[in-house]
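Structure record follows, encoded as structure tokens.
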Amino acid sequence: MKTSGTRTTAQGSQNATQTQSVSASGGPGSHATGAASGSGAASHSSASGPSSVQASSSQGLRMSGSAQRKGPRTVRLAVAKVDPWSVMKMTFMLALALGIATIVVLFVLWLVLHVTGTFGNLQSALSEFAGDEGADQLLEVFGLGRILSFGVIIAVVNVILMTALSTLTSIIYNIGSSLVGGFHLTLTDD
């Protein structure tokens, strides 16, 4: 059986406060332990039950909870600022992976078309319309070297554009979030 007594201790120069519920025998309780540091404070309230704890963190976020509470906890947060440097690095890595995947897909596609004889059938169909020399010139466009060169050019342009546009988007988002507050998210735990 729990009582409504609290035990508060101060540690070091940070003035950390720790609040514990105390059982009837005087020992610390195991389910209502909270810690707050800095300018935050922890208080024990019996408004919503004997084991309700409310704490305020050093950032001003008020947290409250109860050991007897049912259902998932929800927290409402706002994305106030996005670091453009981290967005640029992450987008560069993702665009680089997408570029490598593009080159691999083009190589595999060309290999499948070559093994299945699609280029041979295309050459015979084109030779009827354009002659043998015209068909050979048209099929040189679909050579492996040209296809992979085209894939590399597309991948490099994609990396440059995606990185630049996402960095610019993060800068524009920071400007807009300073005006209207950014995206508001509601997170729950399961």
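Give me the pairs: first residue in segment 170-185 and more than 7 Å from ALA78 (Cβ to Cβ), second residue assigned to a helix (DSSP H, G or I) and open to solvent by less than 80 Å² (accessible area, probe 1.4 Å), beta-carbon distance under 7 Å, and six or more apart or on different chains, which are they?
SER170/PRO84; SER170/VAL87; ILE171/PRO84
Considering only segment 75-101, state which residues are open to solvent by 80 Å² or more (accessible area, probe 1.4 Å) and either among the hydrophobic types (A, V, I, L, M, F, W, C) or under 16 Å from LEU168 (Cα atoms) (or both).
Listed by number, the residues that qualify are LYS81, TRP85, LYS89, MET90, PHE92, MET93, LEU94, LEU98, ILE100.
Could you give me the residue pairs with C-beta distances under 8 Å whose first residue belongs to segment 136-153 and is within 15 Å of LEU111 (Cβ to Cβ) and open to solvent by less than 60 Å² (accessible area, probe 1.4 Å), whose second residue is assigned to a helix (DSSP H, G or I) and among the aliphatic types (A, V, I, L, M) wherever it lies, and which are 6+ apart or on separate chains?
Partner pairs satisfying both residue conditions: ILE147/LEU106; LEU148/ILE103; LEU148/LEU106; GLY151/ILE103; GLY151/LEU106.
The values are calculated or read from the model by the stated rules, or taken from the named source; none is laboratory data. Just so it is clear, the structure is predicted and the values come from calculations on it, not from any experiment. Every residue, glycine as well, gets a Cβ built from its backbone with ideal geometry; the counts of neighbours run over all protein chains shown. Note: areas computed on protein heavy atoms with side chains; ligands, DNA, RNA excluded. Shrake-Rupley method; radii C 1.70, N 1.55, O 1.52, S 1.80 Å.
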